[in-house]
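A short worksheet on the structure shown next.
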Amino acid sequence: MELHLSNPNILVIGAGAIGCLVGGKLAQKGFAVTIAGRGRFVDEVQQYGGLRIEQAAGQQIVESIRPAASIQQAFEHSSTGFELALLTVKSYDTELAVQELFQAAKVCGFDLPMVISLQNGVGNEEAIASLLGPAYVVAGNITTPVSVISPGRIRVDRESSDIGLSPWHPAISQTRFEFAQQALSEAGFSITIYPDAQGLKWTKVLMNMLGNASSAILGLPPEDVFAHSQLLNLEISAWREALAVMRSAKIPPVNIGSYTFSSWAPLIRRTPKFLLRFILRSQIGKSRGGKMPSLYLDLDGGKTKSEVGWLNGAISAKGKLVNIPTPINTMYTEVLNAIVHQPQKRELWHNANLRLLVTADEYRERVKS
């Protein structure tokens, strides 16, 4: 199939905060954008005459968005297929979404699009590559804090516009990759190309994991977790475990926006915890933009799955492969997954700071034994 880059079609898979933000900005610049979400998303967009984006300057309605209730429906309503797909679903939905993408393209007789994963966590690109082939995959990250108010209506919590991209395989189509850069740049995003896709995704994990699992487990905002010195020490320990795993696996930390992790990594490893606590407390409000972290939001929203396995769980799994102990990340993963699968346990952990600290000591002892 010939690429129609003179009139390209873009598919956004996932109608959550990031999908609506990126899809909406692309559509505002004249790109043909279809966002595949659920039926309620389609109903809301049609009822209000477009996708609603709330920013400091006021609300904008993006009328040109094409909503679809499924990936299959998106392909059925397209006459040329899609050159580019932006995957923004939760990590636990990646495999199902990519399977649907593959099947929809096959049934409708279109070539597969290049897929950019703008998801949090480690492992999504591997899952996409295993189903579509590595030459169709681009690793990506976005740092804009944005929230869903209701289906088809989002709020940008803090203005920022950085997107990082890194081809997963040298065989990626340069035509499509350059088109993706151009389109996202025209939509107002500052694009940085990274030579190391693993470094990009693992560094984003360092950003996403901080105060995330502990907030969900304890039912507290990160500011409250960080105000407790011993809980903040757990966060620092989890960070150091992640950096030790990355170092052993030869995955380099990279700079993302104003976050210079290539310089920070040695300091995080060596700086006394009392100094790190001071730095982290001064930065947490700025980096979060007042938004509760993703693992808390999923749990509070009654989700029966959690992305902790793609954050702390990924660190724990990689640690086993490279023989680096990760007791704190393992604890966060197992405790939060237990709460997700047995919601009645959530109340037992609410504000249970001492219980979490004792449990952390138990996990450390397991490593020693």
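The values are calculated or read from the model by the stated rules, or taken from the named source; none is laboratory data. Owing to the predicted nature of the structure, the values given are computational and were not obtained by experimental measurement. All Cβ positions, glycine included, derive from the backbone under ideal geometry; neighbour counts span all protein chains shown. We work out accessible area using only protein heavy atoms, side chains counted, and drop any ligands, DNA or RNA first. Shrake-Rupley method; radii C 1.70, N 1.55, O 1.52, S 1.80 Å.
Accessible surface area normalised per residue over the chain is 43 Å², counting heavy atoms of protein chains with a 1.4 Å rolling probe. Our note on the geometry: Cα centres of segment 119-162 and segment 181-251, 14 Å apart.
Solvent-accessible area assigned to carbon and sulfur over segment 212-369 amounts to 56 percent, based on a 1.4 Å probe. Treating r as the C-beta distance of Phe278 and Glu95 and R0 as 30 Å, the FRET efficiency rounds to 0.10. In this calculation the C-beta distance from Glu186 to Glu126 is compared with R0 = 35 Å, giving a FRET efficiency of 0.70.
Grab the other residues whose beta carbon is less than 14 angstrom from that of Gly164, score K and R as +1, D and E as -1, and report the net. Kindly include the intermediate steps, with their values, before the conclusion.
On the way: positive: Lys201, Lys204; negative: Glu125, Asp162, Asp196.
After counting each charged neighbour, the total is -1.
Among DSSP beta bridges lying fully in segment 25-91, give the percent that are antiparallel, nearest 5. Intermediate values should be presented prior to the final figure.
Details: 5 of 8 bridges.
Given both bridge residues lie in segment 25-91, the antiparallel proportion sits at roughly 60 percent.
In the assembled protein chains, Glu186 presents an accessible area of approximately 80 Å² (probe radius 1.4 Å).
Computed over segment 259-358, the percent of Cα pairs more than 25 Å apart is 32. Suppose each label sits 7 Å from its Cα in the direction of the beta carbon; what would the Lys305-Ser369 distance come out to in nanometres? Simple spin-label model gives 3.4 nm for this pair.
Summing +1 for each Lys or Arg and -1 for each Asp or Glu, what net charge is found among the other residues whose Cβ lies under 15 Å from the Cβ of Val42? Walk me through the numbers on the way to the answer.
Working: positive: Arg38, Arg40, Arg52, Arg66, Arg153; negative: Asp43, Glu44, Glu63, Glu76.
Summing Lys/Arg as +1 and Asp/Glu as -1 gives +1.
Projecting label points 7 angstrom from Cα along Cα→Cβ for Asp162 and His341 puts them 3.7 nm apart. Between the helical axis of 17-28 and the longest alpha-carbon principal axis of the chain there is an angle of about 30 degrees. Length gained on full extension, Asp43 to His350, computed as 0.36 nm times the residue gap minus the Cα-Cα distance: 106.9 nm.
Going by a ≥ b ≥ c, the root eigenvalues of the Cα gyration tensor, does segment 77-154 fall in the rounded group (a/c under 1.5), the prolate group (a/b larger than b/c) or the oblate group? In terms of gyration-tensor shape, oblate. Considering all different alpha carbon pairs of the chain, the Kirkwood hydrodynamic radius works out to 21.2 Å.
What is the list of residues in segment 106-129 whose amide nitrogen lies under 15 Å from a point 7 angstrom out from the Cα of Thr175, following Cα to Cβ? Those under the cut-off are 111-114.
Projecting the Cα positions of Gly152, Trp168, Ala97 onto the charge dipole of segment 66-189 (unit charges on Cβ atoms of Lys, Arg, Asp and Glu, taken about the Cα centre) puts Gly152 furthest along the positive direction.
Maximal additional length on extending the Leu357-Leu321 stretch stands at 10.3 nm, based on 0.36 nm per residue less the C-alpha distance. In this structure, the residue pairs whose Cα-Cα separation is over 27 Å, taken from Lys201/Lys303; Lys250/Lys273; Lys25/Lys106; Lys204/Lys320; Lys273/Lys305; Lys29/Lys106, are Lys25/Lys106; Lys273/Lys305; Lys29/Lys106.
Each residue, Gln103 and Ser150, gets one label point 7 Å from its Cα in the Cβ direction; the gap between the two is 3.2 nm.
Computed from backbone phi, the HN-Hα couplings of segment 134-141 come to x, 6, 9, 10, 10, 7, x, 8 Hz, rounded to whole numbers (Karplus: 6.51 cos²θ - 1.76 cosθ + 1.60, θ = phi - 60°; Gly and Pro given as x).
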